[in-house]
Amino acid sequence: MDSVRLSEDERAALSSLASDLGRVFGPRLGSVVAYGLETPATPRLLHALALVDRLAFADLVKCLPYAAGWQRRSLAVPLILELEEFLRTLDVFPLEYGDIIAHHVVITGSNPFGAARVAQSDTRRACELSAKSHLIHLREGFLETGGQSDAVARLIAASAPAFVTLLRNIARLTNDDGPDLTTTAQRHTGIPADVVREVISAGTGTRSAIADPTALLSRYIAASEQIWEYVDTWRTHA
């Protein structure tokens, strides 16, 4: 479980969500956990996973009257799944569900994950898909900019959050979830630390500080190619 903390208001909002779901599902509601809490924004949109014994369309209909209230309290519509459904699809959503298992806060019920684990082979495959998709996005995005510096800077800034997520997922794949993502990425993939820092900085809203956006994008794409090569051959490193 993650060390992320909830404010009193956030916990109160999530507890009210759990109470609403309790009125819908009764004893079929097993656990409610909050996830996606790494977002530093204030206020942030709160995400929750509710695991139930059985889920029918009638239950969704009963949830409808609560939806507007959830929105007012900065609550995203909860992800509602049967526990068996969650466990059987760990291989389908290894990154998303793996992140929930690794970083969550229990709101009601017991920790529902127990010995649940995502297979490294599934994580590697998903990381490869993410890495290749990111690389293709950068290549195509550059062509769409027409080479205009401002547009290239916007491309870098807009892609930075996905890049950070990709690096975090690779850190999870290598079981090296250290505090310094830049160092961790360089240690495993060999990409230059300065490229990681500059891209992350651009994503925090300081893209105007990029001296030469096209030069940075060139190094960023080269780093992305290197990341994909690393993940593609990771089985030989394991």
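The values are calculated or read from the model by the stated rules, or taken from the named source; none is laboratory data. Not measured: the values here are computed from a predicted model. Ideal geometry is used to build each Cβ from the backbone, glycine not excepted, and the neighbour counts take in all protein chains shown. To get the accessible areas, we keep the full protein, side chains included, count just its heavy atoms, and leave off ligands, DNA and RNA. Shrake-Rupley method; radii C 1.70, N 1.55, O 1.52, S 1.80 Å.
Pick from ARG72, ARG54, ARG5, ARG44: which is exposed (fewer than 13 other Cβ atoms within 10 Å of the Cβ) and under 24 Å from ASP177 (Cβ atoms)?
Sole residue among the options that is exposed (fewer than 13 other Cβ atoms within 10 Å of the Cβ) and under 24 Å from ASP177 (Cβ atoms): ARG5.
Sort out which residues of segment 31-41 are open to solvent by less than 40 Å² (accessible area, probe 1.4 Å) and out of contact with any helix residue (DSSP H, G or I) (no Cβ under 6 Å at 6 or more places or on another chain), and write them in order of number.
Of everything in segment 31-41, those that are open to solvent by less than 40 Å² (accessible area, probe 1.4 Å) and out of contact with any helix residue (DSSP H, G or I) (no Cβ under 6 Å at 6 or more places or on another chain) turn out to be SER31, VAL33, GLY36, LEU37.
Hey, can you tell me all the residues within segment 162-189 that are touching a His at 6+ places or on another chain (Cβ under 7 Å), surrounded by 15 or more Cβ atoms within 10 Å (Cβ to Cβ) and not hydrophobic (A, V, I, L, M, F, W, C)?
THR174
Scanning for something of a type outside the set (Phe, Trp, Tyr) and under 17 Å from VAL105 (Cα atoms), does segment 61-68 turn up at least one residue?
Within segment 61-68, not a single residue is of a type outside the set (Phe, Trp, Tyr) and under 17 Å from VAL105 (Cα atoms).
Considering SER201, SER159, which residue is surrounded by 15 or more Cβ atoms within 10 Å (Cβ to Cβ), at pLDDT 95 or above and not acidic (Asp, Glu)?
Step by step, each of SER201, SER159 is checked, and only SER159 is surrounded by 15 or more Cβ atoms within 10 Å (Cβ to Cβ), at pLDDT 95 or above and not acidic (Asp, Glu).
In this structure, is THR145 polar (S, T, N, Q), in contact with a helix residue (DSSP H, G or I) (Cβ under 7 Å, 6 or more places away or on another chain) and closer than 15 Å to TYR220 by Cα?
no
State all residues of segment 143-156 that are open to solvent by less than 70 Å² (accessible area, probe 1.4 Å) and not aliphatic (A, V, I, L, M); if no residue qualifies, say none.
Residues satisfying the conditions are THR145, GLY146, GLY147, SER149.
Residue by residue through segment 90-107, note down the ones that are of a type in the set (A, V, I, L, M, F, W, C), buried (at least 16 other Cβ atoms within 10 Å of the Cβ) and touching a residue at least 60 places away in the same chain (Cβ under 8 Å).
Listed by number, the residues that qualify are LEU95, ILE100, VAL105, ILE107.
Please tell me if ALA126 is touching a Pro at 6+ places or on another chain (Cβ under 6 Å), surrounded by 12 or more Cβ atoms within 10 Å (Cβ to Cβ) and not acidic (Asp, Glu).
So ALA126 passes the test.
Those residues that are open to solvent by 30 Å² or more (accessible area, probe 1.4 Å) and either part of a helix (DSSP H, G or I) or at pLDDT 95 or above (or both), I need them from segment 108-123; list them, please.
Those that are open to solvent by 30 Å² or more (accessible area, probe 1.4 Å) and either part of a helix (DSSP H, G or I) or at pLDDT 95 or above (or both): THR108, GLY109, GLN120, SER121.
So is ILE210 open to solvent by 20 Å² or more (accessible area, probe 1.4 Å) and either among the acidic types (Asp, Glu) or more than 25 Å from LEU95 (Cα to Cα) (or both) or not?
Considered against the rule, which asks whether it is open to solvent by 20 Å² or more (accessible area, probe 1.4 Å) and either among the acidic types (Asp, Glu) or more than 25 Å from LEU95 (Cα to Cα) (or both), ILE210 comes out as yes.
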